[in-house]
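Only the coordinates and a few stated rules stand behind these numbers; no lab work does. Bear in mind the structure is a predicted one, so any value in this text is a computation, not a measurement. As a convention, Cβ positions derive from the backbone with ideal geometry for all residues, glycine included, and neighbour counts pool all protein chains shown.
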């Protein structure tokens, strides 16, 4: 299937590794021109070279000014913008009781406000595109909260609600807004959370295995395609049957 992404202009954040990298790589493999952002310049430059990104810039999206800088740099390098893939590193794990108040401020800026600011900065360009796409990478926790991840549960749910509201406001401008809600996919974040106990993580997945980042990347590319133009306001689970609810 030709996804119609040849020469599409895409900005992918938190893209030096993990799920962000998988999305950037999938888009680039479909012929999109990709600009990537992450905090670590060394890892970012290596990833850009490996996936054939047009450009990259090291930025910390928890800083209020970084989102506009990311969009500005991407537009300058690409000559416009058709696709925004919003990803952010997970906030620190913890229970409600163990999480200090200052960590809530960090989670708010990193997880919620980075997505808000990126969308705000990108939307004028996406509307001009005529085929604008926003894809937010969230988590299964927006439908089924995960223990010891109170910050992720709270702020990724807020991103989901924001995206649903935004989707109805911009669909007539040719912009779709969707979310990907991964379950347990084998990334450094999952290794951090489970340590050496990946067997326990696997046992929680009905498919009997952990997800591969490329599986999420492929779904992201489809949501950015011309074939997905009538899909908006959706949260799509990629979890091997992990979600226990019916919605």
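Summary of packing: across the peptides 173-181, 210-218, the per-residue average of other C-beta atoms within 10 Å ranks them, highest first, as 173-181, 210-218. Report D for region 128-247 in µm² per second (integer): Stokes-Einstein, Kirkwood Rh on Cα pairs, 25 °C, 0.890 mPa s. Estimated via Stokes-Einstein, D reaches 162 µm²/s. Just need the relative contact order of the chain here, percent rounded to a whole number, with Cα pairs under 8 Å and 6+ apart. In percent, rounded to a whole number, it is 21. For residue 116 and residue 144, the difference between the fully extended length at 0.36 nm per residue and the C-alpha to C-alpha distance is 7.8 nm.
GNM remark for the chain: springs join alpha carbons under 10 Å apart, and the peak mean-square fluctuation among 103, 62, 163 falls on 103.
Reducing region 85-127 and region 162-201 to their Cα centroids gives an inter-centroid distance of 13 Å. Annotation for residue 212 and residue 76: the two label points, set 7 Å from Cα along the Cα-Cβ direction, are 3.8 nm apart. In plain terms, the chain from residue 68 to residue 39 could stretch by 8.9 nm, reckoned as 0.36 nm per residue minus the Cα-Cα distance. Cα convex hull, region 1-118: 104 Å³ per residue, rounded to a whole number. Taking each residue as 0.36 nm, the span from residue 60 to residue 244 lengthens on full extension beyond its C-alpha to C-alpha distance by 62.8 nm. Here, region 9-229 has an Rg and a Dmax of 16.5, 48 Å when only alpha carbons are counted.
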